[in-house]
Amino acid sequence: MLDLIAEGPAFIVDHRLAVTAANPLAEMLYSRPMKGLNFARHIFLDEDGRTRDKTSGQRATMES
């Protein structure tokens, strides 16, 4: 099914937000193997997920 989506990244997650399958573009986007990656853990606990601004790629600061 994921092979049919060739124009963009696609992945399937389970109820715990763990990736069960992904197409090659999704793996290129995240620069890591997607199978087994947990999005909640990646965003909130992974050092790169917490400190990088997703829009600019720069380190985020806690200034208000």
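Phi angles of region 8-17 translate, via the Karplus equation with coefficients 6.51, -1.76, 1.60 and θ = phi - 60°, into HN-Hα couplings of x, x, 8, 8, 10, 10, 8, 5, 9, 6 Hz per residue; Gly and Pro are given as x. Between Ala21 and His42, the C-beta separation translates, for a Förster distance of 25 Å, into a calculated FRET efficiency of about 0.95. Can you list residues whose amide H is under 5 Å from Leu37's amide H, if they're 5+ apart or on another chain and H is modeled 1.01 Å from N? Distant-sequence amide H within range of Leu37: Val19. Annotation: amide H of Val13 within the under-5 Å range of Thr20, sequence separation 5 or more or interchain, hydrogens built in the peptide plane. Summing Lys and Arg as +1 and Asp and Glu as -1 over all other residues whose Cβ lies under 14 Å from the Cβ of Ala22 gives a net charge of -1. Here the Karplus relation 6.51 cos²θ - 1.76 cosθ + 1.60, evaluated at θ = phi - 60°, turns the backbone of region 27-35 into coupling constants of 5, 5, 5, 8, 6, 7, x, 7, 4 Hz, with x for every Gly and Pro.
When you restrict to C-alpha pairs under 8 Å that are six or more residues apart and normalise by the size of region 2-51, the relative contact order lands at 28 percent.
Laboratory data are not the source of any read-out in this text; all were calculated from the coordinates shown. These numbers come from a predicted model, not from an experiment. Every residue, glycine as well, gets a Cβ built from its backbone with ideal geometry; the counts of neighbours run over all protein chains shown.
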